[in-house]
Amino acid sequence: MLAFGSTVLLGTPLGLALLAWLYGGAAAVGIETLRLHAAVQLFGFLGTLIAGVAHHLLPRFTGREVRRTRLVPWLVALLAAAVALRGAWVPGNRIAEHKTLSYAAWRLAQRDAEAAGADHALLLDRDGRMGEAAVANVFCALGDEVVTAPADGLLPGVARAICIPAVGAGERAAEEREWRSAREIVAVNAVRGATAITAVDGAPVGDGAPGPLARALAEALAAAA
């Protein structure tokens with residue numbers, strides 16, 4: 001952390017000063033500044049490298065497991081608003097079930113959501129059933145049942161595979177009347193973790209706050225990290 005913090009706090013402004021100098025936007029930079037910048041960057045690189053190597057080699061040579069600090073579950077579940085896009089999910093689209101370079105449809109959906117002031121785009125089929133989000137899989141708490149759409153025309157993400165057994169979710173697409181009245185809607189992504197969707201199209205989801213499902217999914221993803 002010391003190496004990383006020093007690199008960011010010192011290396012970044014020094015690097016910007018050097019760029020400004022190179023492009024003629026600032027006075028000439030002295031050799032001491034160049035040396036300082038190089039030293040800070042090297043310090044950050046070596047500090048990160050040593051920590052990473054130690055993390056992998058220490059258990060091998062000592063037999064002692066490196067302890068990981070878990071994130072507090074209620075801090076892992078983020079909050080977000082979403083908009084629902086009917087017809088954006090096409091069941092049967094086999095290409096969508098694989099990671100390819102064809103992201104245009106999802107990027108356009110996410111752009112539409114952001115233009116509407118939302119964080120997520122929820123992709124529905126033509127009948128309004130819940131599929132996925134533009135950048136995440138979606139879980140819905142419907143009464144005592146938790147469901148997520150089947151991997152039919154959507155990407156079965158890593159986070160989805162972790163979360164389904166963790167909360168005993170069933171694989172079916174929630175009807176529009178169901179998810180509109182859901183207790184919770186949670187988006188899961190291997191990078192972002194669990195995100196509680198607290199509003200859809202301006203209407204609150206449940207009581208408008210993260211609930212037990214969001215916390216359970218956040219804990220499952222944190223435990224698998």
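The values are calculated or read from the model by the stated rules, or taken from the named source; none is laboratory data. On a predicted model such as this, the values are computed, not experimentally measured, just so you know. Cβ coordinates were reconstructed from backbone atoms using ideal geometry, including for glycine residues, and neighbour counts include every protein chain displayed.
At-a-glance table
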{"item": "Residue within the range 184-202 that is outside any strand (DSSP E or B), more than 20 Å from Ala88 (Cβ to Cβ), of a type outside the set (A, V, I, L, M) and modelled with pLDDT of 95 or more present", "result": "no"}
{"item": "Members of the range 127-147 that are of a type in the set (Asp, Glu) and buried (at least 20 other Cβ atoms within 10 Å of the Cβ)", "result": "Glu132"}
{"item": "Whichever residue in the range 194-225 is surrounded by 15 or more Cβ atoms within 10 Å (Cβ to Cβ) and out of contact with any strand residue (DSSP E or B) (no Cβ under 7 Å at 6 or more places or on another chain) and, among such residues, is farthest from Ala161 (Cα to Cα)", "result": "Arg215"}
{"item": "Restricting the range 112-126 to residues that are surrounded by 15 or more Cβ atoms within 10 Å (Cβ to Cβ) and not hydrophobic (A, V, I, L, M, F, W, C), the residue that is farthest from Ile197 (Cα to Cα)", "result": "Asp125"}
{"item": "Residue in the range 116-123 that is free of Cβ contacts under 8 Å to residues at least 60 places away in the same chain and part of a strand (DSSP E or B) present", "result": "yes"}
{"item": "Of all residues in the range 141-157 being part of a loop (DSSP other than H, G, I, E, B) and among the aliphatic types (A, V, I, L, M), the one that is nearest to the chain's Cα centre (by Cα)", "result": "Leu155"}
{"item": "Qualifying residue in the range 50-63 (condition: at pLDDT 65 or above, hydrophobic (A, V, I, L, M, F, W, C) and buried (at least 18 other Cβ atoms within 10 Å of the Cβ))", "result": "no"}
